[in-house]
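The structure appears right after this line, and notes come after that.
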């Protein structure tokens with residue numbers, strides 16, 4: 001598995017691939033993360049075992065090669081059906097497909113961002129943010145510890161499957177913490193800065209029902225450099 | 001996140017999700033409601049193997065279900081202490097805690113009784129003659145019902161449950177799914193429920209949830225399903241009368 005940080009470019013193009021209008025001109029970008037406008041599974045920018053002990057290699061392998069791959073395949077399948085429904089001007093079918101695009105497209109977007117905002121300690125994981133993001137966190141929360149506390153409370157309070165995100169309001173620029181159900185993506189008013197997966201498949205093989213331990217441990221492998229690049 | 005959820009998140013965390021949280025909110029008062037307790041499993045933890053492993057059953061019952069019971073009791077206790085309070089946001093947030101944890105307690109209590117070791121006579125569909133007739137009438141047969149029910153289970157996005165239900169008004173069978181720990185609506189009698197949260201299968205089946213759904217048919221308690229089909233909601237929910 002590639003360990004080069006240049007994969008970041010590939011991640012970005014993979015994200016764009018989810019939008020049909022931009023997929024064609026993005027084809028051929030570095031990483032070959034999709035072909036002919038189809039979303040493809042991005043490579044992890046680190047080995048499956050590289051996030052241990054915070055996240056086990058077995059979890060990472062299943063999470064990436066099975067769960068994320070299923071979202072990608074399903075997104076492509078339903079996108080194709082959506083195209084056919086548009087061609088035949090079948091409005092009812094288009095509406096019926098929207099929740100499936102939201103779920104599987106959201107799963108693809110969320111996981112792609114998640115892999116990117118994690119990193120092994122040897123590649124800068126853990127620690128603290130710097131620069132403008134660090135100043136914004138200090139201004140909003142009064143310190144990284146308070147942000148982590150709010151994120152962990154939000155994660156623990158999710159009833160069912162979902163994600164917690166540090167988001168930036170695209171209009172006001174303000175930071176905040178928001179939770180999203182299932183695979184609902186962070187789109188529209190809010191910009192994703194840092195996401196943590198609270199689905200049981202993200203931690204259960206290692207932490208079982210003790211999810212609070214997972215939420216605590218994951219800060220050791222947060223890639224603040226990726227978060228800083230997303231902050232505007 | 002909506003307003004209620006925003007209020008709820010820190011509240012739930014402080015109340016229950018933090019294993020180190022203090023229990024000061026659970027102080028007993030005179031008007032405190034009776035407490036619910038974890039019902040015993042009607043079989044051993046390893047009795048459903050190889051279809052559901054002993055490890056899954058142990059965690060699912062002794063940890064997950066226990067947590068719903070514990071947090072339901074905390075929420076009911078808080079509700080009781082808030083009845084004179086003008087702190088409406090807290091009271092609203094607590095309603096969601098009751099729904100989630102109460103639903104978790106209801107759903108799991110029904111689930112355990114819906115399952116039975118494969119070697120038990122009750123695992124045979126011949127125990128449900130009247131339900132079988134209704135499945136024929138409403139789904140075109142047992143196999144067609146199983147196919148439709150399995151498809152509904154696999155179509156759940158996120159955490160949730162699939163249920164065979166009977167309409168309270170018309171007695172008609174139907175398949176419904178409920179998200180997270182939402183309980184089955186009052187207009188239905190739950191006949192058979194299957195837990196599709198990942199904690200119900202992941203340690204054994206990993207991402208292969210279709211195999212979990214396929215295998216669970218070996219351990220369905222058709223005798224219990226027949227009893228529920230013949231009865232009403234009051235009969236079904238007798239399982240919840242395990243109060244202290």
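Overview of results
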quantity	calculated
Residues (surrounded by fewer than 20 Cβ atoms within 10 Å (Cβ to Cβ) and at pLDDT below 95) located in segment B:187-240	B:231, B:232, B:233, B:234, B:235, B:237, B:238, B:239, B:240
Hits in segment A:142-176 - residues which are more than 10 Å from chain B (Cβ to nearest Cβ), outside any strand (DSSP E or B) and closer than 21 Å to residue A:221 by Cα	A:143, A:144, A:145, A:146, A:147, A:148, A:151
Helices (runs of 4 or more DSSP H) wholly inside segment B:176-244 that include at least 2 residues being under 17 Å from the mean Cα position of the chain (by Cα) and under 22 Å from residue B:118 (Cβ atoms)	B:209-216, B:222-230
Hits in segment B:155-175 - residues which are part of a strand (DSSP E or B) and at the interface with another protein chain (Cβ under 10 Å from one of its Cβ atoms)	B:160
Condition met for residue B:52 (within 14 Å of chain A (Cβ to nearest Cβ), closer than 21 Å to residue B:123 by Cα and surrounded by 20 or more Cβ atoms within 10 Å (Cβ to Cβ))	no
Qualifying residues in segment A:189-232 (those that are within 14 Å of another protein chain (Cβ to nearest Cβ) and in a loop (DSSP other than H, G, I, E, B)) - the one nearest to residue A:164 (Cα to Cα)	A:198
Answer residue from segment A:177-188, given it is facing chain B (nearest Cβ under 9 Å) and in a loop (DSSP other than H, G, I, E, B) and is farthest from residue B:180 (Cα to Cα) among those	A:183
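Residue-by-condition table, conditions (1) touching a helix residue (DSSP H, G or I) at 6+ places or on another chain (Cβ under 7 Å); (2) at pLDDT 50 or above:
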position	(1), (2)
A:15	yes, no
A:18	yes, no
A:35	no, no
A:63	yes, yes
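The values are calculated or read from the model by the stated rules, or taken from the named source; none is laboratory data. The model shown is predicted, which means the values in this text are computed figures rather than measured ones. No Cβ is skipped: glycine too gets one built from the backbone with ideal geometry, and neighbour counts run over all protein chains shown.
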